[in-house]
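Working notes, beginning with the structure itself.
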Amino acid sequence: MSPALRLLAATAALTLAPLPALAGKTLDAIKSRGQLACGVSTGVIGFSAADSQGQWKGLDVDVCKAIAAAVLGDPNKVRWVPLSSQQRFTALQSGEVDILSRNTTWSLTRDAGQGLHFAGVTYYDGQGFLVAKKTKVSSAKQLKNAEVCVQSGTTTEKNLSDFARSQGIKIKPVVFDKFEASLKAFFSGRCQAYTTDASALAFIRAKEAPNPDDYLVLPELISKEPLGPAVRRGDDEWFAIVKWTVNALIEAEELGITQARVDSLKSSADPSVQRFLGVGEDLGKNLGLDRDWAGRAIKAVGNYGEIFNRNLGADSPLKLPRGLNAQWNKGGILYAQPLR
Amino acid sequence: MSPARPPEVARTAAPQGRADLANLGRLRRALFGDPLNALLSLGVMALLAWSLPALLRWAVLEAQFSPDVGACEALDHRGACWGVVAEKARFILLGRYPVEQAWCPILAALLIVGGWLGAASGRLPGAAVATGLLLPPLLACALLGGGFAGLEAVPTELWGGLPLTLLLTGAGLAGALPLGIAIAYGRRSSLPLLRALLTAGVELARGIPLVAALFMASFLLPLFFPEGGGLDMLWRVLIAIVLFAAAYLSEIVRGGLQAFPEGQRDAAAALGFDAWQTERWIVLPQVLRQVAPSLANSGIALFKDTSLVTVVSLYELTGSLGLALAGDAQWRPFYLEAWLFIAAIYWIGCSLIARLARLAARGAGPAPTPSVNAP
Amino acid sequence: MPGRRRSAWLAQALTLAAVLALAGLLAATTAGHLQERGIRSGFDFLLEPAGFALGESLLPFEPGDSTLRAFAAGLLNTLRVALPAAALALLIGIAAGFGRLADNPLLRGLATAFVTGVRNLPLLLHLLAWYFILTDLLPPGDAPLNPLPGVFLSKSGLALPWWGETGFEVPEPAGFGFEGGANLTPEYLALLIGLSIYSAAYIAETLRGAVQALPPGQRLSALALGMSARQTFLLVLLPQAWRAALPPVTSQLLNLLKNASLAVAIGYPDLVSVAGTSLNQTGRALECLSIVVAVYLALSLVAAAISHRLEARLFREQGQ
């Protein structure tokens, strides 16, 4: 029986031993690995998608790059883990990824019931509908009895039925477990409408439709979808690093710190800018990082405004307006907690 | 794949000239012997006459063979657009694996198939057969993973296409066969408790669908592992496949063991073989050869079942078909042609495994191959 | 031999202890992990509103209904596709099995092509093809095929005259689909056709094997008694082969039931797919999957019991 006992002991060691080494150790693990494991989508252009050379691009991708730059000093030290909407939470909970930066909606159940901690909002979105123009539908309220293609494992699925109930109409969801499958079904004409976050609809219409002009994004948004990066519970230090890196990206735009000017601004007389770049005060030590962390993040990917324009806004194929995602003093609701 | 043949085949050994006439007469009788038969024959002929020319026209005469989207769209599905295969073949066959190291998955696939060929050739001793089954999947994993000898490390989520299908089948079989044999012996042990536990485990695995097992691998297994110490999806899925297949294989082996004549064990004992030697050299080789057709069926089932891993987002052959076409608005309409392409691959794979198993059953040693269907 | 027996008992006790310890360890670690990762657990979610809608359901289901009801609707959906598919599979399978054994070479060739063609492809590939045919090649819902009066076939599925709330109804085009009668979605149809054809090929092979395994004397003596080939087949060979084929055919039908879980891939809300959705919405992986396992084991047991009684009856009848 000794082999069995040995097996038992080995199993016990395997399952129990790493347990004490938990809280606050994500950062150590990342440093010793030399890589940040970042959970992204399997391909939503503008947020996270690999281009034909296999380079990951998008707003969610840039968030991870900024964190890698702040923590490891190199925005390219990231391992990209593409996750389906079903797998994403398991991957984060089990430690397969250190951060989930994958157009994920912040909601109470996810925050409090599924072991996640959302570190901030990087994109204020809402759920909309995409329809073929030939269906002659111009408002979501006309979708009575329509069949709507939707991807499972999303908040979208629930919002759709909430919307139908609030409007007193019947909508038949056709639910697919994979993004590709739901797209294929919609474009084959299986469903009269496709529903997901409006930002993703823009990309689907622009990039996935056989002819974008045959399709229309309906004007109504039926829900609030604040998207942001999440980390797993139980490591407050790591949570703080992610939260404040996101804040730094937004704050940098407000302070006018851009990718190109990071270095030259070190001599700025503005105390907020000085603090941001760690010239006088060392904010980094509060996070367990060095004084230059925020500057490195901006140098790697630029401030929030630059990230937005490059991936979603004017300089991107999607050409989305800033809308809610403008700074609080420019008509939007982005408001970074101050770095001081 | 039963080796039994229809009895008609055996009867056609008559002298040439007269036999032709006799055959013709028999053929006419078989086709139009009575009204019902004549009706059925005419029906089948009409079906063929109607479908074959249309098929020929679609698949060959009016088909477009070059990867030219415009020309394909102009065809408007009157002819097949085989250009989609030319355009997407690399993606469908190799998935998202980095292009510059494409030779790694190709070599890995060849290794696994080569291992099967070697194991089935029947000219190798038992130990070599085992090596042929066990070693190639391990080598394939190393090759695909890279990270040595100047090869770039490739994370498992980028593995895909046909090599992944073959790896899941090969590694699944390599893991499940020894485990299945062990379970089969365990269920014959004299310890009732062990028997009961193994029986419960086998019945549990055989009672649930593979999709449920894959969901468990995807969502439950991570809960057992400590944070960060978890396994990649691929390994979790492989664990599920091995356990699942082992349950089925163990039943086959157990059936073979039950049917094994006790007298041979006694004879072996009389010759001075100990229990282990008897099983290793006398019983197991015969039992495995006897159940080879059933094992082959399980192998084919496993090969086909690997397509299910796409529900947990591993992009093997079927999954990469969806990935290659659904994400490309231009080529999406030519799904059928791409589907036929991978259908042909599965067809060849299944036939290959069946043929190899027949080879293995016929192969090594003078022991006659008992027909599975013998009364 | 008392020493040996004692050591056997000791071994058993140790095995049991090891298995229990392992199970306990797994349970404890999992519970620990759930807690420290802040994942809630328990079956209370079953009684809370599901919040998601199902594309189709035999059991009336609204998003406000409980998750438990969603599971029940999923189970019914599984049976709704598996039972008719089983009946169809038997019919097609018996026909193809006959074809494989026929003297007519054309028929035999056709049956052989069908059986090998179907068996050499994964079921998932079958389903994808059927779903493609039903959703890509058919006309859109506003211009349906109308092969028979009151029967409409389009990308939105098959609408048929059927008994509804107001008696016998004929479907009428309404908005994006049809109202009245029965409406079978493409997801349902693809699963139904794919499952029945796939299982039929296996059933045909089982039947052929069973007939060919009969002692050749049976056939020869029946022919010698002056029976025609068809009579021999139907009256002598088939009844005997059927008894031998029953257990494997039952296991094929059980496979069909399990294979119905491939519904996930084409968006039909069966039990496994509903479990997947609730798992994602609530995060209760352990709970949702143990329900699936329990239900399938129960279904297997029920099926085993039925086939057992059937076999016993067949045996009794033929024994007399």
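The values are calculated or read from the model by the stated rules, or taken from the named source; none is laboratory data. The structure presented is a predicted model; accordingly, all values stated were derived computationally and were not measured. Neighbour counts run over all protein chains shown; Cβ positions are idealised from the backbone, glycine included. In case anyone asks, the SASA skips ligands and DNA or RNA and just uses the protein heavy atoms, side chains included. Shrake-Rupley method; radii C 1.70, N 1.55, O 1.52, S 1.80 Å.
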Cβ crowding within 10 Å averaged over residues, with B:126-138, A:176-188 ranked highest first: A:176-188, B:126-138
Sorted peptide list for A:156-162, C:244-250, criterion being average Cβ within 10 angstrom, highest first: A:156-162, C:244-250
Sequence of B:Trp276, A:Trp80, B:Trp116 from largest to smallest accessible area, 1.4 Å probe: B:Trp276, A:Trp80, B:Trp116
FRET efficiency, 1/(1 + (r/R0)^6) with R0 25 Å, evaluated for B:Ala200 and C:Leu47 via beta carbons: 0.25
Relative contact order computed over chain A (Cα-Cα under 8 Å; 6+ residues apart), in percent: 21 percent
Diffusion constant of the protein assembly as shown at 25 °C, which comes from Stokes-Einstein with the Kirkwood Cα-pair radius and 0.890 mPa s, µm²/s: 78 µm²/s
Distance between region C:12-78 and region B:114-181 - C-alpha centres, whole angstrom: 36 Å
Chain B: DSSP helices with Cα axial extent of at least 15 Å and average Kyte-Doolittle hydropathy no lower than 0.5: B:35-56, B:83-94, B:103-120, B:126-145, B:161-186, B:192-207, B:233-258, B:335-362
With DNA, RNA and ligands ignored, accessible area of C:Thr166 (1.4 Å probe; Å², nearest 10): 110 Å²
Over chain A: helical MRE at 222 nm, DSSP H runs n ≥ 4 each giving -39500 (n - 2.57), nearest 500: -10000 deg cm²/dmol
Cβ-derived FRET efficiency at R0 56 Å, A:Asn76 paired with C:Val151, nearest 0.05: 0.40
Other protein chain Cβ atoms within 10 Å, averaged over every residue that makes up B:303-316: 5
Rule-of-thumb Rg ratio for chain C [Cα; 2.2 N^0.38 Å; N residues]: 1.29
Fraction of antiparallel bridges per DSSP, the protein assembly as shown only, in percent to nearest 5: 65 percent
C:Met227 accessible area, assembled protein chains, probe 1.4 Å, Å²: 60 Å²
Largest to smallest principal axis extent of the C-alpha atoms in region C:46-115, angstrom: 61, 16, 14
Carbon plus sulfur fraction of accessible area for chain C, probe 1.4 Å, in percent: 68 percent
Cα→Cβ-extended label distance, 7 Å offset, between B:Ala344 and B:Arg29, nm: 4.2 nm
Shielding score for B:180-191, defined as the mean number of other chain Cβ atoms within 10 Å: 1
Positive dipole terminus of chain A, leading residue within A:Gly234, A:Ala193, A:Asn311 (C-beta point charges): A:Ala193
In Å², nearest 10: area of A:Asp28 left accessible to a 1.4 Å probe: 80 Å²
Cα-Cα P(r), region B:220-371, percent of pairs per 10 Å interval: 9, 25, 25, 21, 13, 5, 1, 0
Among A:Thr245, A:Gly128, A:Val148 the positive-end extreme of the charge dipole of chain A (Cβ point charges): A:Val148
Length released on extending from C:Ala31 to C:Leu297, taking residue separation times 0.36 nm less the Cα-Cα span: 93.3 nm
B:Asp266 versus C:Ser66: modelled label distance in nm, points set 7 Å from Cα along the beta carbon direction: 6.3 nm
Positive-end extreme of charge dipole, region C:207-320 - chosen from C:Val292, C:Ser221, C:Val274 (charges on Cβ): C:Ser221
Shielding by other protein chains, A:164-171, mean Cβ within 10 Å: 2
Average Cα contact separation per residue, chain C, under 8 Å, 6 or more apart, as relative contact order %: 19 percent
Cys with no candidate disulfide partner in chain B (beta-carbon separation under 4.7 Å rule): B:Cys104, B:Cys141, B:Cys350
Reach of A:Lys133 by Cα under 15 Å, taken over aspartates and glutamates that are not fewer than 8 positions away in the same chain: A:Asp213, A:Asp214, C:Asp142
Average accessible area per residue (Å²) across chain A - probe 1.4 Å, nucleic acids and ligands excluded: 39 Å²
Relative packing of C:205-213, C:169-177, which averages over residues the other C-beta atoms within 10 Å, highest first: C:205-213, C:169-177
Lysine pairs with alpha-carbon atoms under 20 Å apart, region A:236-329, spacing 8 or more or separate chains: 5
C:Ala21 versus C:Trp9: modelled label distance in nm, points set 7 Å from Cα along the beta carbon direction: 2.1 nm
Length-normalised contact order for region A:96-216 - Cα pairs under 8 Å, 6+ apart - percent: 32 percent
Span-like helix ranges in chain A, DSSP H, alpha carbon extent 15 angstrom or more, Kyte mean at least 0.0: A:2-16, A:59-72, A:236-255
Calculated [θ] (222 nm, deg cm²/dmol) that DSSP helices of n ≥ 4 give over chain C, each run adding -39,500 (n - 2.57): -22000 deg cm²/dmol
Nearby lysines by direct alpha-carbon distance to A:Lys224 (threshold 19 angstrom, same-chain neighbours under 8 apart not counted): A:Lys141, A:Lys158
